[in-house]
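The values are calculated or read from the model by the stated rules, or taken from the named source; none is laboratory data. Remember, it's a predicted structure, so these values are computed and weren't measured experimentally. Note that each Cβ is placed from the backbone with ideal geometry, even for glycine, and that neighbours are counted across all protein chains shown.
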Amino acid sequence: MALSIAELAQDYRETIEQLLAQQTEALQPTVKEHAELITRATFLLRNQSVTFTEYNTHTISLTAMIRDVSPMYVQIFLANKTTSCTCLQSTCRHRVATLFALYQHFSSVQRFVDDWRTPIATERSPAVWRKLAYNQVHAGLQEERSFEGYNLHYAKNRILQNVLRTRPFEREWQALYELFMEMHVMYDIWQMLEETPQRSFHLTRPAFQTLLDDWQANCLTLLESVNQAPRLFATDEFIASIIICARKFISDFSTHTASRLAIYEAVIRFIAPHSFTQEQKQFDHPTTQALTALYTNEGELDAQTLDMDTAMYLLALDATKATAHAEALVDAILPRLPDFIEGLPLFSREERALAIYDLMLTVTLSEEQEAQLFLAFGTAGLRPYSHFLIRKKRYDDWVGLHILHTSSLAYATACGFNDLVKVSPQHALPIYHYYAMQEIEGKSRVHYKNAVRILRAMRTAAKRAGEQNYFNDYINTLQHQHKRLRALQEELEKGSLTL
């Protein structure tokens, strides 16, 4: 090469230092695997196992071969400040050894290793814990594949496993440490997704909501443990850091309101050393004002200024039930509900409508409000409206609704058909007839067998309704009308349907 390795290292000194920091920032000297990685990388360097084979002037990349158990190749892209290795691990001894081989041309590798081995991480402070969480997240999510929906959950768990290796041994500190890491690791992951345009779409995926649900459940369990544990004076600053992180979830993010609010409300309620009134003075936010009004009856709840997700979350709280606040929240939600449903992705509208209906069951609605609710749902409200009709004993309307909006028997079952069969079996007969005719029109033996299964269920409903004679006449008429369908006749005879 026309340019020596020493000259190249000097020219790209800052880049090499950054790449080496990226590789080692998530490594902790107190973790056996991490210490072994640095030791092996140093051994590869001293054993002269790193050989630079190529420098590409077009891509400004340097290739090195590492003589390990099997030969590995490391590429260092100096222009865009990234590295790759044929071992496919995001952090490995091969990359560290290659960077050491460059680093030695302008600084001391031994001094770098000694500084790294200095037990800074043994200091117990929120700043050290915070840096540990940040470093692990940014090192653990370097690869793009970590951000795939199916990988994000496992990436977070892997990061938590790494940080839990340095968990304090004292029992009274362990739950607090786990809660601290759950909060800050999730915050850093969310922030990385938001700040990277090509990754932000993951925030709208179901996989991210699943990740949040798991995180929320873990945090609530840990909050109860911390609340029940003896409170030490030394833990106050760590609890203060957790409270600040909970506030940042409210102020820095705008999506997935229910999950963020649930954690913030639980943090203040379980471990904060002050009330919601004092919290409002320290963190002046519409959410805090609303929670203060609910839990302390101080001030007014201005429901009209709340966004829809916040209003629905507050309506679901036990502190809201059977109060004037519930009426104010309902009055604020219903007029804005049509636009809210319209703005949801198509795949989530029905589930969200069902969840809102279940929420509204906790309050008393007038007939006008009920009509307003279901009109807002539109076609996405078929399931909640079906459950509403059964609850109101409007069985004829339920039958008419499901004959008008054709669907499968499985979907009708999800809409409360089994409940209809139990409370009013005679109303189930037209539905069974409708789905049996759909199967018969398929004109294949598989469809005929499905039709017979439906007719067996219809026979049970007819027997419970005391309509044995009607059902026998129905089966005879069915056989007569389709006497030319030999396969159907055979299946009907096998079914022994008459009562």
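Can you tell me which residue is nearest to Pro126 (Cα to Cα) among those in the range 221-239 that are of a type in the set (A, V, I, L, M, F, W, C) and exposed (fewer than 14 other Cβ atoms within 10 Å of the Cβ)?
Checked the range 221-239; the qualifying residue nearest to Pro126 (Cα to Cα) is Ala234.
Restricting to the range 50-62, name every residue that is more than 30 Å from Tyr134 (Cα to Cα) and either buried (at least 21 other Cβ atoms within 10 Å of the Cβ) or in contact with a strand residue (DSSP E or B) (Cβ under 6 Å, 6 or more places away or on another chain) (or both).
If the condition is that a residue be more than 30 Å from Tyr134 (Cα to Cα) and either buried (at least 21 other Cβ atoms within 10 Å of the Cβ) or in contact with a strand residue (DSSP E or B) (Cβ under 6 Å, 6 or more places away or on another chain) (or both), then Val50, Thr51, Phe52, Thr53, Glu54, Tyr55 are the ones that fit.
Identify, from the list Phe106, Phe100, the residue that is hydrophobic (A, V, I, L, M, F, W, C), surrounded by fewer than 19 Cβ atoms within 10 Å (Cβ to Cβ) and farther than 23 Å from Leu160 by Cβ.
Answer to the check: Phe106.
Looking only at residues in the range 294-319 that are among the β-branched types (Val, Ile, Thr) and under 23 Å from Thr255 (Cβ atoms), which one is modelled with the lowest pLDDT?
Across the range 294-319, the extreme among qualifying residues is Thr305.
For the range 205-252: of the residues being touching a helix residue (DSSP H, G or I) at 6+ places or on another chain (Cβ under 6 Å) and not in a helix (DSSP H, G or I), which is nearest to Tyr154 (Cα to Cα)?
Result: Arg205.
Can you name every residue in the range 426-468 that is in a helix (DSSP H, G or I) and of a type in the set (D, E, K, R)?
Glu439, Arg445, Lys449, Arg453, Arg456, Arg459, Lys463, Arg464
Among what's in the range 47-76 and is charged (D, E, K, R) and assigned to a loop (DSSP other than H, G, I, E, B), pick the residue that is nearest to Leu37 (Cα to Cα).
Checking each candidate, the answer is Asp68.
Quick check: is even one residue across the range 210-217 crowded, with 21+ Cβ neighbours inside 10 Å, modelled with pLDDT of 85 or more and over 16 Å from Phe249 (Cα atoms)?
No: zero hits.
Restricting attention to the range 283-293, does a residue exist that is within 29 Å of Ile268 (Cβ to Cβ), at pLDDT 85 or above, among the aromatic types (Phe, Trp, Tyr) and surrounded by 13 or more Cβ atoms within 10 Å (Cβ to Cβ)?
yes
Please go through the range 70-81 and pick out each residue that is surrounded by fewer than 16 Cβ atoms within 10 Å (Cβ to Cβ) and closer than 21 Å to Leu44 by Cα.
Passing the criteria: Ser70, Pro71.
Give the residue that is surrounded by the most Cβ atoms within 10 Å (Cβ to Cβ), with candidates limited to residues of the range 21-43 that are of a type in the set (A, V, I, L, M) and at pLDDT below 90.
Once the filter is applied, the top-ranked residue is Ala26.
Show the residue pairs that are 6+ apart or on different chains and have beta-carbon atoms under 6 Å apart, the first residue being within the range 395-419 and farther than 17 Å from Ala380 by Cα and surrounded by 16 or more Cβ atoms within 10 Å (Cβ to Cβ), the second being among the hydroxyl-bearing types (Ser, Thr, Tyr) and at pLDDT 90 or above.
These pairs meet every condition: Tyr395/Ser424; Leu409/Tyr435.
Tell me which residues, restricted to the range 469-499, are surrounded by fewer than 16 Cβ atoms within 10 Å (Cβ to Cβ) and either touching a Lys or Arg at 6+ places or on another chain (Cβ under 8 Å) or among the aromatic types (Phe, Trp, Tyr) (or both).
Scanning the range 469-499 gives Tyr470, Leu485, Ala487, Gln489, Leu499.
Would you check which residues across the range 1-41 are among the hydrophobic types (A, V, I, L, M, F, W, C), more than 12 Å from Phe106 (Cβ to Cβ) and touching a helix residue (DSSP H, G or I) at 6+ places or on another chain (Cβ under 7 Å) and list them?
Leu19, Ala26, Leu27, Leu37, Ile38, Ala41
Quick one: in the range 406-425, which of the residues that are of a type in the set (A, V, I, L, M, F, W, C) and part of a helix (DSSP H, G or I) is farthest from Gln438 (Cα to Cα)?
Once the filter is applied, the top-ranked residue is Val423.
With the condition being buried (at least 18 other Cβ atoms within 10 Å of the Cβ) and polar (S, T, N, Q), I'd like the helices (runs of 4 or more DSSP H) fully within the range 302-347 carrying at least 1 qualifying residues.
308-316
Restricting the first residue to the range 157-183 and requiring it to be in contact (Cβ under 8 Å) with a residue 24 or more places away in the chain and part of a helix (DSSP H, G or I), which pairs with a second residue that is among the charged types (D, E, K, R) and surrounded by 19 or more Cβ atoms within 10 Å (Cβ to Cβ) meet a Cβ separation below 8 Å and a spacing of at least six or different chains?
Leu160/Glu182
May I ask you to verify whether Glu493 is in contact with a helix residue (DSSP H, G or I) (Cβ under 7 Å, 6 or more places away or on another chain), farther than 15 Å from Gln426 by Cα and assigned to a helix (DSSP H, G or I)?
no
Under 9 Å between Cβ atoms, which residue pairs at least 6 apart in sequence (or on different chains) link something in the range 19-36 that is over 11 Å from Asn135 (Cβ atoms) and basic (Lys, Arg) with a partner that is modelled with pLDDT of 75 or more and part of a loop (DSSP other than H, G, I, E, B)?
Cβ pairs passing all conditions: Lys32/Arg165.
Could you grab the pairs with beta carbons closer than 6 Å, sequence gap of 6+ or different chains, first residue in the range 371-382 and free of Cβ contacts under 8 Å to residues at least 40 places away in the same chain, second one basic (Lys, Arg)?
From residues that are free of Cβ contacts under 8 Å to residues at least 40 places away in the same chain, the pairs are Ala380/Arg349.
Of all residues in the range 253-266 being small (Gly, Ala, Ser) and part of a helix (DSSP H, G or I), which is modelled with the lowest pLDDT?
So the residue we want is Ala258.
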